[in-house]
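Student: Here it is, the structure, as structure tokens.
The values are calculated or read from the model by the stated rules, or taken from the named source; none is laboratory data. The shown structure was predicted, so the numbers you read here are calculated from the model rather than taken from an experiment. Virtual Cβ from ideal backbone geometry, glycine too; neighbours counted across all protein chains shown.
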Amino acid sequence: MLAAVCAVGLWAVPLRLGNLIRLRHQGKQPTLVLPYGSRDRAHILIGAQDVKNCRPIRAPISQGPTRDLEVLQWYIDENRPRTPWAEQSPFLFPGYHGTLIGQKTLGDWLTNHTRAIGLPMTPRNLRHGLATLHDKYHPGDYAGAARLLCNTLQTARQYYAWIDEGAEMRNIKQEVAKLGGFSDEL
């Protein structure tokens, strides 16, 4: 189950935990739409009414080198059926008697398993860590961070601008060092 959580969270779209546990791959109006017939792409489709910031989410799931779609299909075909009450549930991650799995349950699993491999991570850290990495390698691209998180530009600036400030300060120090005749390596 955690492999599927990571396939969605790392490679498809870093969803908030509340949206992640509500993903439905079957039943009426699935939010995880898998390839079928002539439809060759998979998507996560979540309406604005179901998202904290009221912005709809439409995120493709890749068949590329990250293998996220392959991992999800493996989970659905091989592992999900072994989960108790899976047949009774439209949810990708079924809980007791086919209801939603608890946020705390899934969050604790992720935290405990990532801690065991030496990379402690909470669902929120996973989401924000991806935005932080984006900003580190694309300073000032708040629009990209906002798209990654399915957020507003204002929210991305508010929560990730501090990353750019650190990068800007390093760049300024390097420029001052160059002007003083010092090497680029500080």
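Student: Restricting to region 1-54, give me the number of residues that are in contact with a Cys (Cβ under 8 Å, 6 or more places away or on another chain) and either surrounded by fewer than 16 Cβ atoms within 10 Å (Cβ to Cβ) or basic (Lys, Arg) (or both).
Tutor: 2
Student: Got a number for residues in region 50-80 being in contact with a helix residue (DSSP H, G or I) (Cβ under 9 Å, 6 or more places away or on another chain), under 15 Å from ALA3 (Cα atoms) and either basic (Lys, Arg) or assigned to a helix (DSSP H, G or I) (or both)?
Tutor: Qualifying residue count, region 50-80: 11.
Student: Would you say LEU10 is closer than 18 Å to ALA146 by Cα, touching a Gly at 6+ places or on another chain (Cβ under 7 Å), modelled with pLDDT under 95 and not acidic (Asp, Glu)?
Tutor: Taking the combined requirement at face value, the residue does not satisfy it.
Student: Sort out which residues of region 81-120 are of a type in the set (A, V, I, L, M), part of a helix (DSSP H, G or I) and either exposed (fewer than 12 other Cβ atoms within 10 Å of the Cβ) or not assigned by TED's automatic domain parsing to the domain that holds VAL8 (or both), and write them in order of number.
Tutor: ALA116
Student: Quick check on region 20-43. Is at least one of its residues acidic (Asp, Glu) and modelled with pLDDT of 90 or more?
Tutor: no
Student: With the requirement that a residue be within 17 Å of PRO14 (Cα to Cα) and part of a loop (DSSP other than H, G, I, E, B), what does region 121-163 give you?
Tutor: MET121, THR122, CYS150, ASN151, THR152
Student: A further question follows. Spot the failing condition for ILE57; the list is (1) farther than 23 Å from ARG147 by Cβ; (2) surrounded by 19 or more Cβ atoms within 10 Å (Cβ to Cβ), and only one is missed.
Tutor: (1)
Student: Also, quick follow-up: Applying the selection to region 34-55, what residues are closer than 19 Å to LEU10 by Cα and in contact (Cβ under 8 Å) with a residue 40 or more places away in the chain?
Tutor: LEU34, VAL51 - these are the residues of region 34-55 that are closer than 19 Å to LEU10 by Cα and in contact (Cβ under 8 Å) with a residue 40 or more places away in the chain.
Student: Would you point out which residue out of TYR142, TYR137, TYR75 is of a type outside the set (Asp, Glu), surrounded by 13 or more Cβ atoms within 10 Å (Cβ to Cβ), within 30 Å of GLN158 (Cα to Cα) and out of contact with any Gly (no Cβ under 9 Å at 6 or more places or on another chain)?
Tutor: TYR142
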